[in-house]
Amino acid sequence: MAVAVKHLLKVRRAVQCLSVFLLVYMIWNTRFPLSGFINPEFYFLIDPFAMIVTSVAERVLLSGLVYSAIVLAGTIILGRAFCGWICPLGALLDFLSWLRSLILGLFRKKEREPAPLRLRYVKYAILSAVFALAVAGIQAAWPIDPITIFVRTFSFTIHPFVSGSVDSGMVKLLEASGYPEWLESLYSWLREWFLSLSTPRFTHSETIVLFFVGILILSLVRRRFWCRHLCPLGAILALVSRRPLLRRDSDACETNCGVCRDLCRMNAIKPDNSYLPEECVVCLDCAALCPAGKSSFVFKKPWGQSNLLGVRSKAGCQSNIQGSEQQPWGQSKTAHKGEKGLHSRQQFIIMLWGLLTSIPAFAARPEARTPRRTGTQSGLRPPGALPEEEFIQRCIRCGNCMKVCPTNVLQPAPLRRGPAGAWAPVMDVRLGYCEYNCNLCGSVCPTGAIRPLTLKQKQQFKIGIAIFDPNTCLPYAKGEDCLVCEEHCPVPDKAIKFRRAIVKGKIVKLPYVVAGLCIGCAICECRCPVEPDRGIITIRTGDA
Amino acid sequence: MMRLLKNISDRITTRISGSPATSRREFLGALAAALGAAALARSSVSPSRAEAAQKLPPRKKRAVKTPCDLAVARGSSPAAMTRKAIEALGGMGQFVRPGDTVVIKPNIGWNRTPEYAATTNPEIVAALVKLCLAAGAKRVKVFDRTCNEAGMCYANSGISDAAKKAGASVFHVIDSKFLPGMFPAGSAMKSWPVYADAVQCDCLINVPVAKHHSRTGLTLSMKNLMGVCGGNRGMIHINIDEKLADLTGFFNPELTVIDAYRILLAHGPSGGRLRDVKPTKIVIAGTDPVLADAYAATLFGMKPRDVGAVRVGEERGLGSADITRSKIRTVTA
């Protein structure tokens, strides 16, 4: 039994690692030709916070609610095991505090955690605020959902950074070594199966990573600071796990040595050795590492006292420990300072958090000749997107569509288009265009903000409409034949047609757009050779 | 950004010169800021590699004597027609020597499946790869700089799979391999980035598909060479006939094989409508790119010299557009 409990900790760590690797693998493979064996939206579907809030805000029944319900049911039985075992962000924070203790443990004596803080109620406040907004029809889950934060940061910052570094490193190596055949084959293989053909880049990736780094830094201040005090997903799970079936049983404990309290990453154990089930993430540290073996996790009936079955720590073994157990931790029996208001340091931390998250996105990309109209100014949404108002409420900004987009045209929308629509996908027609034979973005959207269209439907979906700028377009402005736009137009009938006319004394083919045929894929604007302003621009049909 | 960098470097120099005013904390802060700034600057100061590297001289064509000027194969199997056409020219051994590095340049420009005739027929590419390897080629490279997204074009055109199966090394173009080509003085192209592999190979086989094209009338072998050009290719569309002749003279392909198994009659070069596709079931092969294009033009009911590039190519002496006086051999597979 004792061995079994120790092993459970290893199992938990293994499950956490697996969860992170699974998610990373899924995000990495969210690209053409979607070869992953699990849906890229899987982790969002099992995220009750994102699913419930989006459903309430949008008054729809999302398919993910079913999966979320399973998670909630599991939480009623097991407590917040999702946070302790599955949540990839939680796993990352655990890993980080383990690293920290490994390094700091060399220099510093262990600090004792204070009693459970009132600060933990902040997460409920956040949750209720988000829920109130959802009732009012505004979906505000996207900035703070932990799964989204993880995926978004990974897709927008970490993946491009890793992929880009390896890619440019390989290219430098190839250049330096004169392109040997074996290295070229290796590079080609890597590009096909591991890297991207061209490294994607995303605007706002700096701001997006800041969110993530902020959470990581906070976890250095206090273990799992985010999960204890701020996480709204944790709050939802806490609400249903106030009295889970699997509960900690420390009735046999007489010494109250405080080891478990120091071990507890969630600070869920009170000075009197009772605990807060809704704060407990069932990491099982207290059960497995209790020096006296008096702490355990058992399934209890929701009523009455009788235990069903459970996990018990090394029961009463090595009684010689009992005498010395208090020593490494100092004042074991003395009760800790009771719950107090916010410490000034905590206030500072909250301020810092606010500061970090409110830094506006101002990172402008340097361009030799800046066009008057930037790519995202088109305001074009992905093909199959719901009507604008509905779209920005439904979208949880997970970044799946932008990650999967083969041309990198989808970008997080800048804040200047209004904070309500920030970071929702918008087409940057200077970076790419919408590929005609592709409907990947709709197939990876977890909330249906982008509808899953068939190829045929997508090819007829009007994203926007193209219009010529006669002041810039070569045939109109200079009387030179060009027709690059017509060449690239993917519509079988060609939405760009031309007529012959005399401009500046020359007979030229003057292109024009057939509004009924144009689907607004923007390849014409993307491929127009005129710099820096294009001879053809794509706008939303509503703006036409 | 520059002010920030200067500030940081000032701080670091004061530190190094031993000014007692700088604390450790300040120094560490400056160091962290410098690292951050370096990371930010990384994206903005990457120099264009093409400018830093060497230039490429025009490619020299290997002189080959063929029994006829042009071979036209008719039949029902693209692979068999290709083999017959090459046989009529005297066999692949004429063009490929043992140990050669061969580049086969098909049209993989569009994200379309083969039946739309927007990309070269994969069976023709595969047949050529096999012929080259049988003739003793050390390595056969197949690539194209695509117009649509490259991964999808390679996959959906069927060329990537077919050529790999036949034994070719199929890869996507690497940006750093586009080097400035030295076009002869007076060329319309002046200097333009071209793909090094397509210039530095022992044998270049150009395998276009015959299609309609609004700007040039038709897109054939000369136009297909735009696929090994880098840069803002749309600009080649200005004065395109002269530029295509420049490209043909620069790359000098040993062999031109035109896929006319299916031809795209309208709404080219990307197509997308089966109504515009005509199954002509012809493969044209020859050493003279202008003549091959001239013959292909007749399949569309056009006079060869109505295609601008063919006319200019003939004027420049790159080949002949006179299909009546050339020795054309028709074979059936």
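The values are calculated or read from the model by the stated rules, or taken from the named source; none is laboratory data. The structure presented is a predicted model; accordingly, all values stated were derived computationally and were not measured. Virtual Cβ from ideal backbone geometry, glycine too; neighbours counted across all protein chains shown. Side chains included, ligands, DNA and RNA excluded: accessible areas come from the protein's heavy atoms. Shrake-Rupley method; radii C 1.70, N 1.55, O 1.52, S 1.80 Å.
Here are a few things to note about the model shown:
- Members of the range A:482-495 found to be buried (at least 23 other Cβ atoms within 10 Å of the Cβ), of a type in the set (A, V, I, L, M, F, W, C) and on the phi < 0 side of the Ramachandran plot, listed by number: A:482, A:484, A:485, A:489, A:495
- Note on the range A:240-258: residues that are in contact with an Asp or Glu (Cβ under 7 Å, 6 or more places away or on another chain) and of a type outside the set (S, T, N, Q) amount to 2.
- Being open to solvent by 20 Å² or more (accessible area, probe 1.4 Å) and small (Gly, Ala, Ser) is not true of residue A:241.
- Criterion: more than 10 Å from every other protein chain (Cβ to nearest Cβ) and out of contact with any Ser or Thr (no Cβ under 6 Å at 6 or more places or on another chain) - qualifying residue of B:150, B:137, B:127: B:137
- Unmet requirement for residue B:182, which otherwise passes all of (1) at pLDDT below 95; (2) open to solvent by 20 Å² or more (accessible area, probe 1.4 Å); (3) within 14 Å of residue B:103 (Cα to Cα): (3)
- Test: residue B:127 is in contact (Cβ under 8 Å) with a residue 40 or more places away in the chain, under 23 Å from residue B:171 (Cα atoms), surrounded by fewer than 16 Cβ atoms within 10 Å (Cβ to Cβ) and assigned by TED's automatic domain parsing to the domain that holds residue B:170: no
- Which listed residue is modelled with pLDDT under 95, at positive phi and touching a strand residue (DSSP E or B) at 6+ places or on another chain (Cβ under 7 Å), from A:479, A:505: A:479
- Looking across the range A:1-30, the residues that are in contact (Cβ under 8 Å) with a residue 60 or more places away in the chain and open to solvent by less than 40 Å² (accessible area, probe 1.4 Å) come down to A:2, A:5, A:9, A:12, A:16, A:19, A:20, A:23, A:24, A:27, A:28, A:30.
- Residue in the range A:193-205 that is within 30 Å of residue A:127 (Cα to Cα), among the hydroxyl-bearing types (Ser, Thr, Tyr) and away from every other protein chain (no Cβ under 14 Å) present: no
- Each residue in the range B:151-172 was checked for being open to solvent by 20 Å² or more (accessible area, probe 1.4 Å), of a type in the set (A, V, I, L, M, F, W, C) and in contact (Cβ under 8 Å) with a residue 40 or more places away in the chain, and 1 pass.
- Matching entry among A:345, A:369, A:373 (being at pLDDT below 70, over 30 Å from residue A:257 (Cα atoms) and out of contact with any helix residue (DSSP H, G or I) (no Cβ under 7 Å at 6 or more places or on another chain)): A:369
- Filtering B:260, B:266 for residues that are crowded, with 21+ Cβ neighbours inside 10 Å and either more than 8 Å from chain A (Cβ to nearest Cβ) or in a helix (DSSP H, G or I) (or both) leaves a single hit, B:260.
- The set of residues from the range A:436-445 being open to solvent by less than 10 Å² (accessible area, probe 1.4 Å) and under 17 Å from the mean Cα position of the chain (by Cα) comprises just one member, A:444.
Matching residues to (1) modelled with pLDDT of 90 or more; (2) open to solvent by 50 Å² or more (accessible area, probe 1.4 Å):
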residue	(1), (2)
A:115	no, no
A:124	yes, no
A:139	yes, no
A:144	yes, no
A:159	yes, no
A:173	yes, yes
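- When residue A:195 is tested against (1) at pLDDT below 90; (2) within 25 Å of residue B:174 (Cβ to Cβ); (3) in contact with a helix residue (DSSP H, G or I) (Cβ under 7 Å, 6 or more places away or on another chain); (4) in a helix (DSSP H, G or I), exactly one condition is not met: (4).
- Residue within the range B:247-256 that is open to solvent by 10 Å² or more (accessible area, probe 1.4 Å), more than 14 Å from chain A (Cβ to nearest Cβ), over 30 Å from residue A:456 (Cβ atoms) and not in a strand (DSSP E or B) present: yes
- Only listed residue being within 29 Å of residue A:404 (Cβ to Cβ), exposed (fewer than 15 other Cβ atoms within 10 Å of the Cβ) and of a type in the set (Gly, Ala, Ser), chosen from A:185, A:205: A:185
- Positions within the range B:187-245 being among the polar types (S, T, N, Q), within 14 Å of chain A (Cβ to nearest Cβ) and part of a strand (DSSP E or B), in sequence order: B:219
- Residue A:452 meets each of the listed conditions (1) open to solvent by 10 Å² or more (accessible area, probe 1.4 Å); (2) within 14 Å of chain B (Cβ to nearest Cβ) apart from (2).
- Restricting the search to helices (runs of 4 or more DSSP H) fully inside the range B:4-110 and requiring at least 2 residues that are more than 14 Å from every other protein chain (Cβ to nearest Cβ), at pLDDT 95 or above and under 30 Å from residue B:250 (Cα atoms) gives B:78-88.
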